[in-house]
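Novice: Submitted below is the structure of interest, expressed as structure tokens.
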Amino acid sequence: MLRYPPADHSAATGFGGNVLDRTSERRDDAEFMAAQRADVAGRILLFSGDRLVSDQDRARVFFSRPEADAMGADWDNAIYLGVDDAGPVFAGPVPLDDDGLWPTHNLRQLAIDNWLPPDILGAVAQGRSLLAWHERHGFCANCGAPTIVAQAGMRRDCLACGATHFPRTDPVVIMVAVDHERERCLLGRQFRFPPGVYSALAGFMEPGETIEAAVRREIWEEAGIMTSRVAYHASQPWPFPSSLMLGCFAEATSFKIEPRDLELEDVRWFDRADLKTMLDRTHPTFAAPPTIAIANLLLRAFSEHGLPALD
């Protein structure tokens, strides 16, 4: 079974601890997939819309085939996620009544509440992202004809024109610009943030753009700050619906804040010495994002170790 090395920063992020062996090389093996679906140890993650289903006591989120069948899930067409030490794992939608018999959970709050083990939370993100993709890609982008599920859920095929469609992941750069001389970092807040919360700047990468170029562009657009060297630190799957956050540090070469766009409510410099209380939520005025966010990981790294090597 796949395991993460101790130095994998990304595995420490919310939704980053997925240890499933995806067995991607065997998804076209009909005999293998039939055996996986027939395995009595098989379990499924069930979603009602974009919410994860659990039992009444929140003791578990995996369900057996008899349980899934009784709830109206389609086991034979469920998306195959991979296998762990206990057996194969699937994900699928389920039509639930509003009787409250099976509680459902918002994925962001689920990660914040921290009652699911990290490896299960990673599988939940994988399952939700794939199901969201299938919900939106029932028709061929090439000719408009209906598509069908292939590769146990990792592809959709168009029988009309022969086009094949694969799940997409949208890369997002999220970065902390650092003023090395003054031991401070650049943070901003969106209008929707809770009072006092400031986070790393972020934005989607554009076609034909490197990670480093996207980092510099986004910092320039959102704060008017120029940066030079950029260092990658960690990544995080973000299943809303299917992004990959690329966490970086950048060395600031200008320091006057002059935003080029109006995406943020405020941008300001924060002293490194203040970050610990912001992260611990003991600062009298400001706070950092919760621990599920990769921004928390970046700020904690800068707070504890300073600017990383950028060469």
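The values are calculated or read from the model by the stated rules, or taken from the named source; none is laboratory data. Remember, it's a predicted structure, so these values are computed and weren't measured experimentally. Ideal geometry is used to build each Cβ from the backbone, glycine not excepted, and the neighbour counts take in all protein chains shown. Side chains are part of the model used for accessible areas, which takes the heavy atoms of the whole protein and leaves out ligands, DNA and RNA. Shrake-Rupley method; radii C 1.70, N 1.55, O 1.52, S 1.80 Å.
Novice: Dipole size in debye (nearest 20) for segment 83-216 around its Cα centre, Lys and Arg Cβ +1, Asp and Glu Cβ -1?
Specialist: Here segment 83-216 has a charge dipole of around 380 debye.
Novice: Just report the Cα centroid separation between segment 198-232 and segment 69-107, whole Å.
Specialist: If you average the Cα positions of each part, the centres end up 38 Å apart.
Novice: I need the calculated FRET efficiency for the pair C161 and N77, taking r as the beta carbon distance and R₀ as 30 Å, to the nearest 0.05.
Specialist: Efficiency, rounded to the nearest 0.05: 0.85.
Novice: While we're on this one: With both bridge residues required to lie in segment 156-311, what share of the DSSP beta bridges run antiparallel, to the nearest 5%?
Specialist: Just about 70 percent of them are antiparallel.
Novice: List, in order, the whole-Hz ³J(HN,Hα) value for each residue of segment 284-299 obtained from phi through the Karplus relation with A = 6.51, B = -1.76, C = 1.60 and θ = phi - 60°; use x for Gly and Pro.
Specialist: x, 10, 10, 9, 9, x, x, 5, 5, 7, 5, 4, 4, 4, 5, 5
Novice: Still on this structure, I have one more. For H233, which sequence-distant residues (separation of 5 or more, or a different chain) have an amide H within less than 5 Å of its own amide H, given hydrogens modelled in the peptide plane?
Specialist: G247, C248, F249
Novice: Between A70 and R229, what length comes free when the chain is fully extended (0.36 nm per residue of separation minus the Cα-Cα distance, one decimal in nm)?
Specialist: Additional length available on full extension: 51.6 nm.
Novice: If R₀ is 30 angstrom, what is the calculated FRET efficiency for the pair T253 and R168, using the beta carbon separation as r and rounding to 0.05?
Specialist: Once rounded, the FRET efficiency stands at 0.30.
Novice: Could you give the length gained on full extension between E304 and T285, defined as 0.36 nm per residue of separation minus the Cα-Cα distance, in nm?
Specialist: So the chain would gain 4.8 nm between E304 and T285.
Novice: Right, here's the next one. For H137 and E221, calculate 0.36 nm times their separation in residues minus their Cα-Cα distance, and state this gained length in nm to one decimal.
Specialist: 27.0 nm
Novice: Taking square-rooted eigenvalues a ≥ b ≥ c of the alpha carbon gyration tensor, is segment 1-104 rounded, prolate or oblate, where a/c under 1.5 means rounded and, failing that, a/b exceeding b/c means prolate?
Specialist: Verdict is oblate for segment 1-104.
Novice: Which of the listed residues, G100, A152, I174, is farthest toward the dipole's positive end in the chain, when Lys, Arg count +1 and Asp, Glu count -1 at the beta-carbon?
Specialist: Final value for the positive-end residue is I174.
Novice: Hey, what angle do you get for helix 118-136 against the long axis of the chain, alpha-carbon based, 0 to 90 degrees rounded to 10?
Specialist: Approximately 70 degrees, to the nearest 10.
Novice: Let me ask something else. In debye to the nearest 20, how big a dipole does segment 206-293 give about its Cα centre with +1 on each Lys and Arg Cβ and -1 on each Asp and Glu Cβ?
Specialist: 320
Novice: I've got another one for you. Provide the per-residue ³J(HN,Hα) series for segment 96-101, in order, calculated from phi with Karplus coefficients 6.51, -1.76, 1.60 and θ = phi - 60°, each as a whole number of Hz, with x at glycine and proline positions.
Specialist: Result, rounded to whole Hz: 9, 7, 8, 8, x, 5.
Novice: Among P195, N77, G122, pick out the residue whose Cα is farthest towards the positive end of the charge dipole of segment 55-203, where Lys and Arg carry +1 and Asp and Glu carry -1 on C-beta, about the Cα centre.
Specialist: Farthest along the dipole direction, towards plus: P195.
Novice: Which cross-chain or sequence-distant (5 or more) residues have an amide H under 5 Å from the amide H of L201, H modelled 1.01 Å from N in plane?
Specialist: When sequence neighbours closer than 5 places are left aside, the close amide H contacts are M175, A177, G188.
Novice: Here's another thing I want to ask about it. Over the chain, with a Gaussian network built from C-alpha contacts below 10 Å, which listed residue (A200, A150, A141) shows the highest mean-square fluctuation?
Specialist: A141
Novice: Right, something else. Considering amide H positions built from the backbone, and no H for Pro or chain starts, which residues 5 or more places from F90, or on another chain, come under 5 Å of its amide H?
Specialist: R43, I44, L45, L81
Novice: Then there is this: Using a 1.4 Å probe on the protein heavy atoms, what percent of the accessible area of the chain belongs to carbon and sulfur?
Specialist: Roughly 53 percent of what the probe reaches on the chain is carbon or sulfur.
Novice: Need one word for segment 169-267: rounded, prolate or oblate. Basis is the Cα gyration tensor (sqrt eigenvalues a ≥ b ≥ c); a/c below 1.5 gives rounded, then a/b vs b/c decides.
Specialist: Oblate, because a/c is 1.5 or more while a/b does not exceed b/c.
Novice: Sticking with this one: How large is the charge dipole for the chain, taken about the Cα centre, if only the Cβ atoms of Lys, Arg (+1) and Asp, Glu (-1) carry charge, to the nearest 20 debye?
Specialist: 300
Novice: Each label point is 7 Å from the Cα along the Cα-to-Cβ direction; what then is the distance between the points at D50 and E206, in nm?
Specialist: For the pair D50/E206, the computed spacing is 2.6 nm.
Novice: Continuing with the same structure: Under the Cβ-under-4.7 Å rule, which cysteines of the chain stay unpaired?
Specialist: C185, C248
Novice: Right, next: How large is the accessible surface per residue of the chain, computed with a 1.4 Å probe and reported in Å² as a whole number?
Specialist: I get 49 Å² per residue for the chain.
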